[in-house]
1. From GLN71, GLN63, grab the single residue that is closer than 23 Å to GLY248 by Cα and either without any contact (Cβ under 8 Å) to a residue 24 or more places away in the chain or over 19 Å from the mean Cα position of the chain (by Cα) (or both).
2. Can you give me the ranges of the helices (runs of 4 or more DSSP H) entirely in region 101-206 with at least 1 residues that are among the small types (Gly, Ala, Ser)?
3. State all residues of region 55-100 that are modelled with pLDDT under 85 and part of a helix (DSSP H, G or I); if no residue qualifies, say none.
4. Scan region 39-76 for residues that are away from the ligand (no atom under 16 Å from the Cβ) and either closer than 28 Å to ILE232 by Cβ or of a type outside the set (Asp, Glu) (or both) and report the count.
5. Which residues, counting only those in region 209-251, are under 25 Å from ARG47 (Cβ atoms) and near the ligand (Cβ under 7 Å from one of its atoms)?
6. Can you tell me which residues in region 149-167 are touching a residue at least 40 places away in the same chain (Cβ under 8 Å) and out of contact with any Lys or Arg (no Cβ under 9 Å at 6 or more places or on another chain)?
7. Any chance region 18-38 includes a residue that's among the acidic types (Asp, Glu), within 30 Å of ALA233 (Cα to Cα) and within 16 Å of the ligand (Cβ to nearest atom)?
8. Between ASP252, ASP227, which is of a type in the set (D, E, K, R) and crowded, with 22+ Cβ neighbours inside 10 Å?
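The values are calculated or read from the model by the stated rules, or taken from the named source; none is laboratory data. Every value quoted in this text rests on a predicted model; they were computed, and no experiment measured them. When we count neighbours, we look across all protein chains shown, and the Cβ atoms used for this are built from the backbone with ideal geometry, even at glycine.
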Amino acid sequence: MAKLSPLAVKLEEIRGRIEAAAIKAKRDPSEITLVAVTKSAAPEQIREILSLGVADLGESRVQLLTQRASQLDEFVKRRNIHGESGQPSMPDKIRWHMLGHLQRNKVKPVLPFVHMVHSIDSLRLAEEIDMHIAKLGRKVPVLLQVNASEEPQKHGVAVGAAVHLAEQIDTMENLQPVGLMTMAKYDADEKTTRQTFARTREIFEEMKWHKIARATLKHLSMGMSNDFEHAIAECATIVRIGTELFGGKTLDHEDPEE
Ligand SMILES: *Cc1c(COP(=O)(O)O)cnc(C)c1O
C-alpha cells in the first residue's frame with residue numbers, strides 16, 4: 001500500500017477522534033460533518049484535502065474565501081474532466097462555509113461562492129443576505145451565531161435574544177435557518193467549554209419546541225481544533241477544524257473588521 005502523506009494521516013486521526021467522541025456520546029458518527037478550515041492551509045494542502053474526499057471547506061474572511069473558491073473550482077473541474085484513473089476521487093463540488101463575521105457590504109460579492117453562512121448575528125445582516133440571494137435565484141442555509149460564552153468582545157447574538165432573532169429569520173423567504181453556531185472561549189477549561197456548548201444546545205431545543213424552522217432545523221456548528229470532542233458530546237453536527245488538521249499557528253478565531 002502506498003505510504004500515506006502527513007495530511008492524510010492527520011485526517012484519518014481526526015476522523016477517528018470524531019468517531020470515538022460520537023460513539024462515547026452514543027451518537028451516530030455519520031451525523032457529524034467535518035469542515036476543514038483552510039485559513040492556515042497552504043494551497044497545495046487544500047488541493048490535497050479535496051483529493052482525500054473532504055468537500056466542506058471553511059474560511060472566516062470574505063476575500064480569502066472568494067479567491068480560493070474561484071481558483072479551486074477551476075481545479076476541481078479540470079481534475080474531474082482530465083483526471084486519470086487511479087487518481088483519488090475529487091468531490092464534484094466544494095461546499096464553502098462562511099464562518100467569520102460578515103459585514104453587510106461584503107455580502108454581495110461572497111454569496112455566489114457560499115454554501116452555508118455560519119455567522120448570522122443580526123436582523124439587518126439577515127435581511128441583506130435575503131435580498132441578494134433572491135437575485136441569485138436560490139436559497140441559502142444559514143446558522144445563527146450565538147455568543148454563548150458571553151464574552152463582551154465576541155460576535156454573535158446574545159443568548160437571551162437568539163430565539164427571537166431565529167423567529168424573525170424564519171419568516172424570510174430566501175433564508176433557510178438550519179441551526180446555530182457558537183465558539184467556546186478559546187482558553188477555557190473543560191467545564192466552561194461544555195457549558196457554552198450545552199447552552200447553545202438548549203437554545204436549539206427551545207427553537208424546536210417553538211417549531212421555528214421546523215422543516216430545516218438540524219445543525220449545531222460547534223467545536224474547533226482544541227474542543228471538538230467536547231462539542232460532539234454536546235450534540236454538535238458540524239465541527240470546524242483548521243490548525244489541528246493543517247498545522248500552522250492558530251489564527252484569529254474572531255475576526256477584526258476587515
Ligand atoms: C479559525 C476558525 C476555526 C478553526 O479554528 P482552529 O482552531 O484552527 O481549528 C473554526 N471556526 C471559526 C469561526 C474560525 O474562525
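1. Numbers: GLN63 fails: either without any contact (Cβ under 8 Å) to a residue 24 or more places away in the chain or over 19 Å from the mean Cα position of the chain (by Cα) (or both).
The conditions single out GLN71.
2. Result: 123-135, 162-170.
3. Of all residues in region 55-100, those modelled with pLDDT under 85 come to 73-92.
Within region 55-100, ASP73, GLU74, PHE75, VAL76, LYS77, ARG78, ARG79, ASN80, ILE81, HIS82 qualify.
4. Of region 39-76, the ones away from the ligand (no atom under 16 Å from the Cβ) are 43-44, 47-48, 50-53, 55, 66-67, 69-76.
Among the residues that remain, those that are also either closer than 28 Å to ILE232 by Cβ or of a type outside the set (Asp, Glu) (or both) are: 43, 47-48, 50-53, 55, 66-67, 69-72, 75-76.
Total meeting the criteria: 16.
5. If the condition is that a residue be under 25 Å from ARG47 (Cβ atoms) and near the ligand (Cβ under 7 Å from one of its atoms), then MET224, SER225, ARG240, ILE241, GLY242, THR243, GLU244, THR250, LEU251 are the ones that fit.
6. Answer for region 149-167, where residues must be touching a residue at least 40 places away in the same chain (Cβ under 8 Å) and out of contact with any Lys or Arg (no Cβ under 9 Å at 6 or more places or on another chain): GLN153, HIS155, ALA162, VAL163, LEU165, ALA166, GLU167.
7. At the first step, the residues of region 18-38 found to be among the acidic types (Asp, Glu) are 19, 28, 31.
From what is left, the residues that are within 30 Å of ALA233 (Cα to Cα) are 19, 28, 31.
Right, trim to within 16 Å of the ligand (Cβ to nearest atom) and you get none.
No, that holds for no residue.
8. On the way: ASP252 fails: crowded, with 22+ Cβ neighbours inside 10 Å.
Being of a type in the set (D, E, K, R) and crowded, with 22+ Cβ neighbours inside 10 Å holds for just one of ASP252, ASP227, which is ASP227.
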